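What follows is a short report on a single structure.
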Amino acid sequence: MKPHRLLIASAALVLCVSVAFAANAHHVKAPLEPTGGSGVTGFVELTQMPHGGANLVMEISGLQSGAQYATFYYESADCSAPADPFHEFTADKNGRATLHGEIDEDLDEVGSVSVRVGPGYGALLACARIH
């Protein structure tokens, strides 16, 4: 390969890798890890919105059918504090829930997302570490 073609190919590769890293900086998918043997699992997806804030989607399973739950997002990476509420919900007949909505925090400000016994700030059932 001629030197100028090698230089162009290298530059194109660097550009592609840079674009891939930039795209990943705007989207995170993390597993919900059960705590205390709860059996609650699933995943959390956060996507940075261009105007600020983030879109949050949660797929949750292992819940008790008809029971009430609450979700929160945190600055900390361990679902400890400080917490902001996301949704209160009731599990469907299959013990699952799908939640989505926009939050005020930017993606880089969210350290973790939790599922707790609800309504309110009950016992921690699962935590997804974002950062």
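The values are calculated or read from the model by the stated rules, or taken from the named source; none is laboratory data. Note that the coordinates shown come from a computational prediction; the quantities given were computed from them, not determined experimentally. Here the Cβ positions follow ideal geometry from the backbone for every residue, glycine too, while neighbour counts run over all protein chains shown.
Consider only pairs whose beta carbons are under 6 Å apart and that are at least six residues apart or on different chains; among these, list those whose first residue lies in the stretch 22-33 and is on the phi > 0 side of the Ramachandran plot and in a strand (DSSP E or B) and whose second residue is among the polar types (S, T, N, Q) and modelled with pLDDT under 70. From residues that are on the phi > 0 side of the Ramachandran plot and in a strand (DSSP E or B), there are no pairs.
Residue pairs whose Cβ atoms lie under 7 Å apart, sitting 6 or more positions apart in sequence or on different chains, and linking a residue in the stretch 38-49 that is in contact (Cβ under 8 Å) with a residue 60 or more places away in the chain to a partner that is β-branched (Val, Ile, Thr) and in a loop (DSSP other than H, G, I, E, B), are LEU46/VAL110; LEU46/ILE130.
Filtered by the rule that a residue be surrounded by fewer than 20 Cβ atoms within 10 Å (Cβ to Cβ) and either in a strand (DSSP E or B) or among the acidic types (Asp, Glu) (or both), the stretch 109-131 gives GLU109, VAL117, LEU124, ARG129. Just checking, does the stretch 60-82 include any residue being assigned to a helix (DSSP H, G or I), surrounded by fewer than 17 Cβ atoms within 10 Å (Cβ to Cβ) and among the hydrophobic types (A, V, I, L, M, F, W, C)? Within the stretch 60-82, not a single residue is assigned to a helix (DSSP H, G or I), surrounded by fewer than 17 Cβ atoms within 10 Å (Cβ to Cβ) and among the hydrophobic types (A, V, I, L, M, F, W, C). Taken over the stretch 83-93, the criterion of being of a type in the set (Asp, Glu) and part of a loop (DSSP other than H, G, I, E, B) is satisfied by ASP92 alone. For the stretch 86-108, taking the residues that are surrounded by 15 or more Cβ atoms within 10 Å (Cβ to Cβ) and not small (Gly, Ala, Ser), the one that is farthest from ARG129 (Cα to Cα) is identified as PHE89. For GLY62, the conditions (1) modelled with pLDDT of 95 or more; (2) under 13 Å from SER114 (Cα atoms) are fulfilled apart from (2). Scanning the stretch 34-59 for residues that are within 18 Å of the chain's Cα centre (by Cα), over 19 Å from LEU125 (Cβ atoms) and either at pLDDT below 95 or not in a strand (DSSP E or B) (or both) gives MET49, PRO50, GLY52, GLY53.
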